[in-house]
Amino acid sequence: MNEYDSNRIFDLTKKIDYIKTKNVEEADCYILNTCHIREKATEKVYHDIGRIKKRFRNKKKPIVIIAGCVAQAEGDILLQREKYIDAVIGPQSYHLLNNAIKKIEKKLRNLNLTEFETQEKFDNLNLLKNSESNVSSFLTIQEGCNKFCKFCVVPYTRGAEYSRSVDEIVKECYHLINNGAKEITLLGQNVNAYNHDGKKLSDLIKEISKFNDLKRIRYTTSHPIDFSDDLINIYQETDKLMPLIHLPVQSGSNKILRLMNRKHTVEYYINLINRLIKINSKIKFSSDFIIGYPGENDKDFEDTLNLLKEIKFINSFSFIFSPRPGTPAAEIDQLDKNIAKERLSIFQKTAEDIKMKFRKNLYNKKSTVLFENRMVGKKEFFGRDELQNSVIVKTSEDLKGKIKNVDITGGNQNTLFGNIDFKNNQKNAAA
Ligand code: SAM
Ligand code: SF4
């Protein structure tokens with residue numbers, strides 16, 4: 001979502017003639033868009049500012065603005081501790097950015113813009129065409145969260161759940177597709193909680209799948225509890241919807257899920273997965289896990305490992321619990337760091353083995369790849385298969401935005417390698 005936000009920030013500042021520079025060493029204005037989901041983000045801000053300060057030691061000071069969730073959560077502290085910062089601006093106040101820059105140009109500083117004005121923000125952003133021109137583009141449809149998992153800062157930094165209207169989303173889709181997008185990933189902290197005037201995520205997917213030139217639709221991140229029947233059923237209705245579902249579970253222990261306030265059990269989660277696979281057997285899953293949550297004992301960890309092995313997630317993102325200031329879980333007795341680290345390493349090794357086993361199964365098979373860009377300076381093109389695996393093929397042909405059948409010949413942890421299957425692609429073209 002920060003990537004989407006950063007692009008929209010560029011669209012905004014263009015209006016006052018601040019354009020994205022290729023020379024980051026010599027910018028007139030730095031906007032650091034930050035994430036607060038785990039620790040170290042704040043330290044990184046100070047570190048980055050230190051580098052900017054050094055670079056501009058004997059030159060005119062550039063404008064420095066801290067945007068995003070660190071600004072929202074720690075704005076006052078940032079402004080107090082680092083006088084080099086001109087303004088902090090929270091994720092729901094981006095529409096005030098140009099005004100802030102104009103004020104800073106007039107030597108007004110120390111600006112704190114951290115109101116929750118989500119509706120106003122989108123009303124303003126809707127007036128600007130989204131200029132992103134990637135084959136695979138992001139589009140925020142929902143923001144914020146009302147779920148209050150005990151470990152998470154999102155409800156405090158992004159505010160309450162907010163869904164944009166179908167009309168404005170369809171308009172933005174239209175612009176992205178006109179700019180060359182073939183794949184759109186709908187974004188939201190709770191994307192499947194999307195609801196605008198009774199229109200749900202499934203309605204939106206139906207609506208945007210009508211665009212002929214849009215070939216692939218994805219969405220992230222879903223919460224298991226918001227996976228309604230209509231969303232499950234839509235996997236039978238449109239093959240533009242890609243069969244990889246990112247469905248964070250966080251833990252395989254009901255005790256820990258309860259402590260986290262996740263609102264679902266392991267059994268509910270497994271049942272949901274089985275229902276989805278029954279509707280469409282191509283569907284695969286990826287997930288997020290928090291390891292070392294306060295109260296997690298050996299048995300709870302074992303349960304999490306067992307869930308990982310049972311579902312065989314094709315991608316697992318695992319993090320050691322990070323106490324976030326202001327969240328309830330930060331107040332509870334923390335687990336020993338070394339135990340948490342050891343568990344994380346066991347978990348990640350198991351997750352990696354499962355992932356590699358799955359990937360090796362793809363070797364010597366065919367795959368459908370949407371190509372995005374040529375690898376810099378190489379005779380290779382980069383794309384992604386339906387399950388979002390990176391695929392690289394050697395070719396001199398310009399494949400940007402094209403979908404091709406590829407024979408997968410091998411790969412490593414991160415990438416699959418293959419050759420264009422000329423026979424089948426010719427057949428496709430003739431059909
Ligand atoms: N809304 C999504 C959900 O509920 O599944 C997750 C969104 S959150 C921005 C992304 C991931 O960051 C979470 O799934 C969780 O695994 C991880 N995360 C959030 N807070 C964390 C914390 N305090 N410590 C470690 N990981 C955390
Ligand atoms: Fe954070 Fe997701 Fe829980 Fe909301 S549902 S509080 S975004 S982890």
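The values are calculated or read from the model by the stated rules, or taken from the named source; none is laboratory data. This one's a predicted model, so the numbers in the text were calculated from it and none came from an experiment. Here the Cβ is made from the backbone with ideal geometry for all residues, glycine too, and neighbour counts use every protein chain on show. Heads up: the accessible areas ignore ligands, DNA and RNA and are worked out on the full protein's heavy atoms, side chains in. Shrake-Rupley method; radii C 1.70, N 1.55, O 1.52, S 1.80 Å.
Look at (1) closer than 30 Å to residue 293 by Cα; (2) away from ligand 2 (no atom under 16 Å from the Cβ) and you find that residue 206 fails only one, number (1). Restricting attention to region 15-36 and to residues that are in contact (Cβ under 8 Å) with a residue 60 or more places away in the chain and more than 23 Å from the chain's Cα centre (by Cα), the residue that is surrounded by the most Cβ atoms within 10 Å (Cβ to Cβ) turns out to be 18.
Restricting 339, 346 to those that are more than 30 Å from residue 360 (Cα to Cα) and either in a helix (DSSP H, G or I) or without any contact (Cβ under 8 Å) to a residue 12 or more places away in the chain (or both) reduces the list to 339. Being more than 15 Å from ligand 1 (Cβ to nearest atom), of a type in the set (Ser, Thr, Tyr) and touching a residue at least 12 places away in the same chain (Cβ under 8 Å) narrows it down to one residue among 174, 194, 162, 219; which is it? Within the list 174, 194, 162, 219, the selection yields 174.
Annotation note: Cβ proximity below 9 Å between a residue of region 248-263 that is part of a helix (DSSP H, G or I) and away from ligand 2 (no atom under 11 Å from the Cβ) and a residue that is aliphatic (A, V, I, L, M) and open to solvent by less than 10 Å² (accessible area, probe 1.4 Å) (sequence gap 6+ or interchain) occurs for 257/249; 259/329. Selection over region 399-421 of residues that are at pLDDT 95 or above, among the charged types (D, E, K, R) and more than 25 Å from the chain's Cα centre (by Cα) gives a count of 2.
Taken together, the residues in region 319-336 that are assigned to a helix (DSSP H, G or I) and surrounded by fewer than 17 Cβ atoms within 10 Å (Cβ to Cβ) amount to 3. When residue 217 is tested against (1) open to solvent by 10 Å² or more (accessible area, probe 1.4 Å); (2) in contact with a helix residue (DSSP H, G or I) (Cβ under 8 Å, 6 or more places away or on another chain), only condition (1) is not met. The residues on offer are 89, 49, 104, 66, and the sole one that is of a type in the set (A, V, I, L, M) and open to solvent by 10 Å² or more (accessible area, probe 1.4 Å) is 104. Residues of region 396-422 that are open to solvent by less than 20 Å² (accessible area, probe 1.4 Å) and assigned to a loop (DSSP other than H, G, I, E, B): 399, 401, 421.
Looking only at region 177-191, residues that are open to solvent by 20 Å² or more (accessible area, probe 1.4 Å) and either assigned to a helix (DSSP H, G or I) or touching a residue at least 60 places away in the same chain (Cβ under 8 Å) (or both) come to 5 in all. I'd like to check something: does region 291-301 contain any residue that is open to solvent by less than 20 Å² (accessible area, probe 1.4 Å) and in a strand (DSSP E or B)? Yes, region 291-301 has at least one match.
Here residue 248 does not qualify as surrounded by fewer than 22 Cβ atoms within 10 Å (Cβ to Cβ), within 15 Å of ligand 1 (Cβ to nearest atom), outside the structural domain of residue 385 (by TED's automatic domain parsing) and over 24 Å from residue 359 (Cβ atoms).
Does residue 158 satisfy the criteria of being of a type in the set (Lys, Arg), open to solvent by less than 20 Å² (accessible area, probe 1.4 Å) and within 14 Å of ligand 2 (Cβ to nearest atom)? It is true that residue 158 is of a type in the set (Lys, Arg), open to solvent by less than 20 Å² (accessible area, probe 1.4 Å) and within 14 Å of ligand 2 (Cβ to nearest atom). If you go through region 318-352 and keep only what is away from ligand 1 (no atom under 13 Å from the Cβ) and touching a Pro at 6+ places or on another chain (Cβ under 7 Å), you end up with just 333.
When region 7-49 is examined, which residues are found to be more than 16 Å from ligand 2 (Cβ to nearest atom), of a type in the set (Val, Ile, Thr) and within 30 Å of residue 155 (Cβ to Cβ)?
Within region 7-49, 9, 13, 31, 34, 42, 45, 49 meet the criteria.
When residue 222 is tested against (1) polar (S, T, N, Q); (2) part of a helix (DSSP H, G or I); (3) under 17 Å from the mean Cα position of the chain (by Cα), just one condition goes unmet, and that condition is (2). For region 135-155, the candidate set comprises residues that are assigned to a loop (DSSP other than H, G, I, E, B) and crowded, with 19+ Cβ neighbours inside 10 Å; within that set, the residue that is farthest from ligand 1 (Cβ to nearest atom) is 135. Limited to region 229-238, what total is found for residues that are modelled with pLDDT of 95 or more and surrounded by fewer than 14 Cβ atoms within 10 Å (Cβ to Cβ)? Residues that pass the stated criteria total 2.
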